[in-house]
Amino acid sequence: MDSGEAGWEERSAVRVTPPVQPRKLAKVPFVELAEGRLQGVVSSGSDVARVYVSSIAAETHDFSCSTNNNRPCGGLTAGGGRRCKHLNALIDEAVRQYGAERVARHLKVEAEEGDELRSRLQGVHRKAPAAEVFSRFLRHLAYLEVPASPEPLPEMHWFPAWGAVR
Amino acid sequence: MQAAHLTELTGRTPPGVAEALEAVSGFDAALTDGLARLGPRHTDALRALAGAVSRSPLGAATAEAADKIAAGSIGPAELSAVAAARAALLGAVHDALLERLDDALGRSRADRQAPPADPEHGPAPAPLLTVARSWLQELAITGWRGVDDPLVSTADQALEALWAEPRLRRLAVLLDGLAAELRASCPVATMERIPRRRWADLWTRAMLLSQAGSWTGGATAVSGRLLPLGVDVHEHGTAVQVQLHAVLEPADGGPARLVRAAVAAAKVDTIVGPLVWRLLSAYPTLLTALAEHRAVTITDMRLTSGGDLLWEEERAEAGDLADPFATARVRLPDAQAPAVPPLDRHPVRIAEPVLVEGHAANRDGAFDLGGERLIVDLDRLPTSGPLTPQLVKASTACIGLLRWDAGRWTLQPLAVEAVVKKRPVRAHNGDWALGPTDPKVAKALDRSGDAVAVLSERAGRLLRK
Ligand SMILES: [Zn+2]
């Protein structure tokens with residue numbers, strides 16, 4: 001154990017959020033654990049202009065998938081218990097990004113790896129609003145358009161770039 | 001840095017530091033439980049905080065605020081007063097530590113000059129400051145232990161507005177970092193341990209920044225030759241900053257000065273590792289100097305009274321090769337360090353470049369320097385550069401930043417000279433500024449695809465429809 005661990009709560013510069021792992025973003029550009037859901041945006045395999053908004057609720061594990069214009073995903077049947085390929089891609093990419101344990105904890109399910117997580121998510125199709133998630137995705141993208149400011153940010157000394165978890 | 005310097009630095013803690021930190025800790029415990037739920041222990045702690053600053057100009061306001069908060073009246077004025085008191089105590093701790101460091105290293109430091117007026121920065125928009133303060137007020141009333149998803153989400157709209165206002169960039173970056181940590185920790189009540197000092201620090205600094213916006217202030221133009229020492233990388237989910245530490249040889253022949261130059265960009269959490277350099281591609285001269293270890297000629301670039309160059313590419317020209325280790329050996333010992341702006345004073349900001357050589361690395365990574373032990377922060381080797389714990393342990397020379405946190409001085413490596421398999425190796429944090437030079441890393445980057453390009457393309461298509 002690091003000898004400094006005893007004073008962790010008294011330290012100013014500690015890592016609170018576990019690191020996010022790099023992953024390919026083309027298929028699932030946006031994944032988040034927020035608002036009591038695992039939610040994100042999945043690219044359409046056929047149409048570059050179309051994306052699907054997919055989400056899985058914590059606890060009930062009910063799922064939803066529709067286009068950003070709220071058209072239902074053809075891969076889901078009404079009241080059915082099977083997830084479409086977008087939802088499965090969302091789970092896989094969330095596991096890559098956050099690790100299975102963190103995704104499982106957020107969804108309130110016991111699972112240590114991705115396959116186990118997938119099989120334990122036994123919800124049914126229940127439509128959730130897509131617009132809110134899509135606008136969160138747009139807000140996420142907007143960070144890349146923020147104009148640079150030359151002002152130094154002394155507050156970033158509280159946020160060191162941590163190394164890989166070893 | 002020699003063993004004798006280290007003995008002096010890490011010896012007895014400067015007087016008053018322990019007492020000041022105790023008063024801070026008491027306040028931090030109150031903020032953890034929430035100011036609406038103060039037990040007798042917490043009201044005593046608030047009064048102790050007020051007592052600690054009683055002989056300063058903040059004394060009367062803090063004493064009054066402590067009484068009002070204890071009586072359940074928790075408004076912006078009261079919170080501003082206690083935040084100022086907490087900041088003042090940590091500012092005093094900072095001063096004591098930095099003075100100890102300067103004495104130990106024999107480092108000379110410029111006297112504080114009032115910053116020149118800043119004609120470009122008008123007053124920050126008051127409504128945005130009010131919104132930020134009211135979220136901070138909710139957090140303080142609730143306490144970290146009571147923070148849940150809905151409370152964190154109430155900041156979403158304010159954050160969006162703050163990011164859109166360049167004059168409030170410091171506050172936006174800070175609050176976004178805090179909100180992300182709270183969100184990832186929700187519900188905080190279930191956390192095994194709460195980062196009390198850290199979150200209270202962030203809350204306090206945000207309270208200060210939400211009074212009237214940033215205090216960076218104006219700057220004066222300087223020209224000369226900039227000799228890089230090393231680069232410190234800062235990062236959270238939505239921001240990255242690289243801060244160069246360098247020696248400036250002024251063109252007017254004045255004494256060499258220690259300066260910093262920081263550039264930053266907004267980002268998203270999926271852009272990590274060597275990719276972060278891509279976000280800084282608007283600064284090719286700076287990145288070239290870092291990647292190729294070159295000096296930079298600067299002409300009339302603005303320098304703040306706190307020693308920060310406000311980087312402008314048009315005023316910078318990459319020059320000859322300049323080995324950072326040669327700069328550290330020859331120019332660093334006599335370079336004059338800048339004064340610290342009053343409101344920036346906090347131990348976390350202490351980041352003083354030093355050169356360590358002639359050490360032996362212990363198994364835990366600490367350096368043994370003539371029998372004195374220097375703890376090396378091996379957690380702080382960013383994935384955007386080539387430094388690894390193995391390289392640091394194999395080092396024969398190390399340029400690093402001396403830092404202090406919770407009673408410990410540590411060395412944060414920025415660059416090393418090492419011997420690996422009997423061959424000399426050099427590695428600097430900025431080596432990959434123009435792309436990874438390690439083929440294995442470049443290959444891994446190719447495999448995961450270009451996150452910056454993918455997201456920028458989506459942003460271009462979806463945000464400007
Ligand atoms: Zn679908």
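Evaluate the following for B:Trp432: is it crowded, with 20+ Cβ neighbours inside 10 Å, aromatic (Phe, Trp, Tyr) and within 14 Å of chain A (Cβ to nearest Cβ)? In short, yes.
When the range A:50-67 is filtered for residues that are assigned to a loop (DSSP other than H, G, I, E, B) and either near the ligand (Cβ under 9 Å from one of its atoms) or open to solvent by less than 30 Å² (accessible area, probe 1.4 Å) (or both), the ones remaining, listed by number, are A:Ala58, A:His61, A:Asp62.
Selection of the range B:31-45 for residues being without any contact (Cβ under 8 Å) to a residue 60 or more places away in the chain and part of a helix (DSSP H, G or I) yields B:Pro40, B:Arg41, B:His42, B:Thr43, B:Asp44, B:Ala45. Of the listed requirements (1) open to solvent by less than 20 Å² (accessible area, probe 1.4 Å); (2) farther than 19 Å from B:Thr32 by Cα, B:Trp144 misses just one: (2). Scanning the range A:35-49 for residues that are away from the ligand (no atom under 11 Å from the Cβ), within 23 Å of A:Arg96 (Cβ to Cβ) and in a loop (DSSP other than H, G, I, E, B) gives A:Glu35, A:Gly36, A:Val48. Restricting attention to the range B:353-365, the residues being open to solvent by less than 10 Å² (accessible area, probe 1.4 Å) and at pLDDT 95 or above number 3. Contact map, the range A:62-75: residues that are touching a residue at least 24 places away in the same chain (Cβ under 8 Å) and within 15 Å of A:Ile91 (Cβ to Cβ) paired with residues that are hydroxyl-bearing (Ser, Thr, Tyr) and more than 8 Å from the ligand (Cβ to nearest atom), Cβ distance under 7 Å, separation 6+ or inter-chain. Pairs shown: A:Phe63/A:Ser55; A:Ser64/A:Ser55. Taken over the range B:238-254, the residue count meeting the criterion of being more than 14 Å from chain A (Cβ to nearest Cβ) and modelled with pLDDT of 95 or more is 5. Evaluate the following for B:Val296: is it of a type outside the set (S, T, N, Q), crowded, with 24+ Cβ neighbours inside 10 Å and within 14 Å of chain A (Cβ to nearest Cβ)? Taking the combined requirement at face value, the residue does not satisfy it.
Residues of the range B:240-289 that are part of a loop (DSSP other than H, G, I, E, B) and not hydrophobic (A, V, I, L, M, F, W, C): B:Asp252, B:Gly253, B:Gly254, B:Pro255, B:Lys267, B:Asp269, B:Thr270, B:Ser281, B:Tyr283. Residues satisfying the criterion are present in the range A:13-27 (criterion: modelled with pLDDT under 95, within 15 Å of the ligand (Cβ to nearest atom) and of a type outside the set (S, T, N, Q)). Among the candidates B:Val330, B:Val263, single out the residue that is within 10 Å of another protein chain (Cβ to nearest Cβ) and within 27 Å of B:Val392 (Cβ to Cβ). Going through B:Val330, B:Val263 in turn, the sole match is B:Val263. Look at (1) under 30 Å from B:Gln336 (Cα atoms); (2) in a helix (DSSP H, G or I); (3) open to solvent by less than 10 Å² (accessible area, probe 1.4 Å) and you find that B:Leu226 fails only one, number (2).
Determine, yes or no, whether A:Glu132 is within 7 Å of another protein chain (Cβ to nearest Cβ), surrounded by fewer than 14 Cβ atoms within 10 Å (Cβ to Cβ) and at pLDDT below 95. No.
Candidates are the residues of the range B:423-460 that are of a type in the set (S, T, N, Q) and assigned to a loop (DSSP other than H, G, I, E, B); the one that is nearest to B:Val276 (Cα to Cα) is B:Asn429. Does any residue of the range B:325-334 turn out to be assigned to a strand (DSSP E or B) and farther than 24 Å from B:Ala239 by Cβ? No: zero hits. When the range B:368-399 is filtered for residues that are in a strand (DSSP E or B) and within 13 Å of chain A (Cβ to nearest Cβ), the ones remaining, listed by number, are B:Arg373, B:Ile375, B:Val376. Based on this model, can you work out whether A:Lys108 counts as modelled with pLDDT of 90 or more, more than 10 Å from every other protein chain (Cβ to nearest Cβ), within 12 Å of the ligand (Cβ to nearest atom) and open to solvent by 60 Å² or more (accessible area, probe 1.4 Å)? No: the conditions fail for A:Lys108. Considering the range A:72-95, the residues that are surrounded by 20 or more Cβ atoms within 10 Å (Cβ to Cβ) and among the charged types (D, E, K, R) include one that is nearest to the ligand (Cβ to nearest atom), namely A:Arg83.
The values are calculated or read from the model by the stated rules, or taken from the named source; none is laboratory data. This one's a predicted model, so the numbers in the text were calculated from it and none came from an experiment. Note: ideal-geometry Cβ built from the backbone for every residue, glycine included; neighbour counts use all protein chains shown. Remember, those area values only see protein heavy atoms, side chains included, never the ligands or the DNA or RNA. Shrake-Rupley method; radii C 1.70, N 1.55, O 1.52, S 1.80 Å.
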